[in-house]
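Okay, structure first, notes after.
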Amino acid sequence: MSAPVLELKGLQVSYAGNRALDLAGLAVAPGEVVGVVGANGAGKSTLVNAVAGWSRGAPRVAGPITLDGERVDAWPTHQRVRAGLVLVPEGRVAFGRMTVEDNLSAAFAAPPAPGRRVYSRDEIYELFPRLEERRLHLGAQLSGGERQMLGIGRALMMGPRVLLLDEPSIGLAPKMVSQVLETLRALARTGLAILLVEQNVRAAIEVVDRLLLLERGRKVLEGPAREVGDDPRIAEAYLGAAA
Amino acid sequence: MTFLQQIINGIVLGHAYALVAIGWTLLLGVARLVNFGHGQMYMLGAFVSWWAVTKAGVPYGLALPMAMVIGGLFGLVMQRIMLKATFEQNLVSIMIMTLGFGYVLNGGAAMVFGSTGQILETALSTREITLGELWLTWQDAAIVVAAIAVFVSLKWILDASRVGRLVRMVAEDPKLAMLAGINVRWVYYGVFAFEGAAVAFAGGMVAPRTPILTSMGFDEVIMTFVVVVLGGIGSVKGSYVAGVALGLFTALFGALVSPAYTTAAAFLVLIAVLVLRPGGMSAGSAAGVH
């Protein structure tokens, strides 16, 4: 396996003094899809948000984060994004008052680099034909699935090295879930590293290479998806999430 | 004076109101900020123009950009100091700080420019256009043209340019804008510099209509507030319409009823509009800039 593109060594995150995440380490290689699963409040979103240096709250984050061997943990969000650490957050991913076309306009020109594919708007339309049909609609007029496509599309236009996805399947119809997840698998085949937070463990197992199970902010299990997929603790987290 | 003359006065006054308000419209729409030092920044623009023309002998056409640069720089300094409160959307702190900046500017201007009233005369303000019984100065005509040009350009930049798209992203959701790779801090700086430069430009354009004093600014900030809220927060088109409507209302009310009660009457209209259409005249559109 090639050198990791994203590496964390001892990541700690707390909200108002309460420890939300304490992770010893995590590495994601190019072309690899790592799934992060666990019950509500296990720290999954906290993890991907901390990697992106982003939050709608006010967390305290400590611990080294490297992208291609370079420390990025002191960088502001936009700088990490420009370097290729791109997050599609949970919930609001579309600008509701802008058209799909305007939503799909990059704020910067990502520098061409090996392993950094910058998608054009037309390529996004090819990937998600539904978005082209709705290109003049406002973000607020889109369905949940279309918004997720828009969020992923905008992320790809920024030439991500690592794509961080927070529950892209939430609120989607089962058919849409498999379409989004299959798209991710196809993107990974082009060399993109993906860190995927997913409530829908059963669907996630189908597409991820490795699975990371979090429980109350700590890693309780990590391994290749086909090996740990049958672990009772994973099933428990899945049932817990489904309940 | 004839009714038609009052309409002309109202149109000129209305464009002046709109021009003075445009910076605040963008500020409120994009950064959700208020600036109660806005009126004193208007005063600064007027006095820098006056100083440049009268004392330094700079042509009026150069005095205006000078005033804009100084206004823009002042806006940048203010934003630098208030940056943390801006990101936290701490509106109470920002209200008090901007009010404070206004008073500091008042005092500073009195020290530099003196506290006596001055007249800013330009080549345009001393020449009149007459149409039968009707008249206005070339300065008045220039205010109308400048206001229209500023509003049309701003609207175009926001709607159709790349920068405008980024600004609209920040206006709608600054957190999500960061994830689009936008340096939100620089957008806030840019908006504040625009606010400072625009109101200084308005000061240089509108001030030749009346004597200027370093203690002025309160009336301007109040009228700006009415225009921005009436037009619908963040709405460029709404501010223009509200500015012109308020100018016509003020001129006609002043002529037909009494000039002493125009501000009170303007606020009665504002309160009525807010009760009937809480989002202002462009109600129905959510927060943002458009």
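The values are calculated or read from the model by the stated rules, or taken from the named source; none is laboratory data. All figures in this text were calculated on a predicted structure; none of them were measured in a lab. No Cβ is skipped: glycine too gets one built from the backbone with ideal geometry, and neighbour counts run over all protein chains shown. What goes into the accessible areas is simple: the full protein's heavy atoms, side chains included, and nothing from ligands, DNA or RNA. Shrake-Rupley method; radii C 1.70, N 1.55, O 1.52, S 1.80 Å.
So the values come out like this:
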{"item": "Most to least packed among B:114-127, B:255-268 [average Cβ atoms within 10 Å]", "result": "B:114-127, B:255-268"}
{"item": "Separation of the B:LEU268 and B:LYS55 label points, Cα + 7 Å toward Cβ, nm", "result": "4.3"}
{"item": "Loop sites in region B:127-195: GluC sites (Glu not before Pro), DSSP, at most 16 other Cβ within 10 Å", "result": "B:GLU133"}
{"item": "Helix B:262-276 vs. chain B, principal-axis angle (Cα, 0 to 90°, nearest 10)", "result": "40"}
{"item": "Accessible surface of B:TYR189 - all protein chains present, 1.4 Å probe, nearest 10 Å²", "result": "20"}
{"item": "Label-to-label distance, nm, for residues given as A:ARG71 and B:THR126 (7 Å Cα→Cβ offset)", "result": "6.6"}
{"item": "Overall form of region B:19-215 per C-alpha gyration tensor (a/c, 1.5; a/b vs b/c)", "result": "oblate"}
{"item": "B:LEU4-B:LEU91 FRET efficiency (beta carbon distance; Förster radius 41 Å; 0.05 resolution)", "result": "0.40"}
{"item": "Positive-end residue of B:TYR42, B:LEU136, B:GLY23, charge dipole of region B:19-215 with Cβ unit charges", "result": "B:GLY23"}
{"item": "Dipole in debye (nearest 20) - region B:84-173, about Cα centre, beta carbon charges: Lys, Arg +1; Asp, Glu -1", "result": "360"}
{"item": "Mean separation of Cα contacts under 8 Å, 6 or more apart, over the residue count of region B:19-215: relative contact order %", "result": "45"}
{"item": "Count, lysine Cα pairs under 29 Å in the protein assembly as shown, 8 or more residues apart or across chains", "result": "13"}
{"item": "For chain A: relative contact order, % (alpha-carbon pairs under 8 angstrom, 6 or more apart)", "result": "28"}
{"item": "Pairwise label distance in nanometres, A:GLU123 with A:ARG202, each label 7 Å out on the Cα-Cβ vector", "result": "3.5"}
{"item": "Region B:201-242 - percent of accessible surface contributed by carbon and sulfur, probe 1.4 Å", "result": "71"}
{"item": "Residue-averaged 222 nm ellipticity for chain B, from DSSP H runs of 4+ at -39500 (n - 2.57), nearest 500", "result": "-24000 deg cm²/dmol"}
{"item": "Other protein chain Cβ atoms within 10 Å, averaged over every residue that makes up A:101-107", "result": "4"}
{"item": "Alpha-carbon centroids, region B:126-180 and region B:64-84: separation in whole Å", "result": "19"}
{"item": "Solvent-accessible area, 1.4 Å probe, carbon plus sulfur percent, for region A:34-128", "result": "50"}
{"item": "Accessible area buried between chains B and A, both sides summed, probe 1.4 Å, in Å² to nearest 100", "result": "2100"}
{"item": "Contour minus Cα-Cα distance for A:ASP230 and A:GLN141 (0.36 nm per residue)", "result": "28.0 nm"}
{"item": "With DNA, RNA and ligands ignored, accessible area of A:ASP209 (1.4 Å probe; Å², nearest 10)", "result": "50"}
{"item": "Accessible area in square angstrom per residue, chain B, 1.4 angstrom probe", "result": "43"}
{"item": "C-alpha center-to-center spacing [region A:212-229, region B:248-269] in angstrom", "result": "71"}
